[in-house]
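Enquirer: The structure is given below, and queries will be raised subsequently.
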Amino acid sequence: MAIRRVPKELFEVKKLYVDSLGDNPNAIQMRTHILHRLQRSHKIEVVPPSKDADAVLKGRGELWTIGHVSVTRSHSTSSPVLQGFLSAEVIGKNNQTLVLSSHTEQVPLEWYPG
């Protein structure tokens, strides 16, 4: 695992705008999840698109079904097992990329609708 130097500007980000991650419903759900997590952290203020943002999070997110899980023997009710991909970039005020990341993993249960 390579250790990368984090730009000092990343630590100065106090206001962040989270841009669209795509038009599909799952990308919209991922963006909503990110917004809620950021708002709960109380470390970064999420702002609307404006010049007030210290940085912008841009990216693309997708979810897809890789199977189903049933908790009963009858299999009458089952939940999908989802895999997800998120490619994200945090861009500072001077258009400098502060963070660039891509990640694929099985989606945690709290993301499931219902």
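The values are calculated or read from the model by the stated rules, or taken from the named source; none is laboratory data. Computed from a predicted model, the values in this text were never measured in an experiment. Here the Cβ positions follow ideal geometry from the backbone for every residue, glycine too, while neighbour counts run over all protein chains shown.
Enquirer: Select, from V90, V46, the only residue that is at pLDDT 90 or above, surrounded by 10 or more Cβ atoms within 10 Å (Cβ to Cβ) and in contact with a helix residue (DSSP H, G or I) (Cβ under 6 Å, 6 or more places away or on another chain). Write out each step before concluding.
Expert: Working: V90 fails: in contact with a helix residue (DSSP H, G or I) (Cβ under 6 Å, 6 or more places away or on another chain).
That would be V46, the only listed residue that is at pLDDT 90 or above, surrounded by 10 or more Cβ atoms within 10 Å (Cβ to Cβ) and in contact with a helix residue (DSSP H, G or I) (Cβ under 6 Å, 6 or more places away or on another chain).
Enquirer: Let me ask something else. For region 30-54, how many residues meet the condition of being outside any loop (DSSP other than H, G, I, E, B) and either of a type outside the set (K, R) or touching a His at 6+ places or on another chain (Cβ under 9 Å) (or both)? Full working, then the answer.
Expert: Filtering region 30-54 for residues outside any loop (DSSP other than H, G, I, E, B) gives 30-41, 45-46.
When the remaining residues are screened for being either of a type outside the set (K, R) or touching a His at 6+ places or on another chain (Cβ under 9 Å) (or both), the result is 30, 32-36, 38-39, 41, 45-46.
Here the count works out to 11.
Enquirer: When you look at R60, is it under 30 Å from E9 (Cβ atoms), modelled with pLDDT of 90 or more, within 15 Å of the chain's Cα centre (by Cα) and assigned to a strand (DSSP E or B), yes or no? Talk me through it step by step, then tell me what you get.
Expert: Details: under 30 Å from E9 (Cβ atoms): yes; modelled with pLDDT of 90 or more: yes; within 15 Å of the chain's Cα centre (by Cα): yes; assigned to a strand (DSSP E or B): yes.
Answer is yes for this residue.
Enquirer: Then there's this: Filter region 18-28 down to the residues that are part of a helix (DSSP H, G or I) and within 9 Å of the chain's Cα centre (by Cα) and list them by number. I'd like the intermediate steps shown before the answer.
Expert: From region 18-28, those part of a helix (DSSP H, G or I) are 25-28; that's our starting set.
Result: A27, single match.
Enquirer: Residue under question is S70, and the condition is that it be at pLDDT 85 or above and surrounded by 10 or more Cβ atoms within 10 Å (Cβ to Cβ); does it hold?
Expert: Values: at pLDDT 85 or above: no; surrounded by 10 or more Cβ atoms within 10 Å (Cβ to Cβ): yes.
No; evaluated as a whole, the condition is false for this residue.
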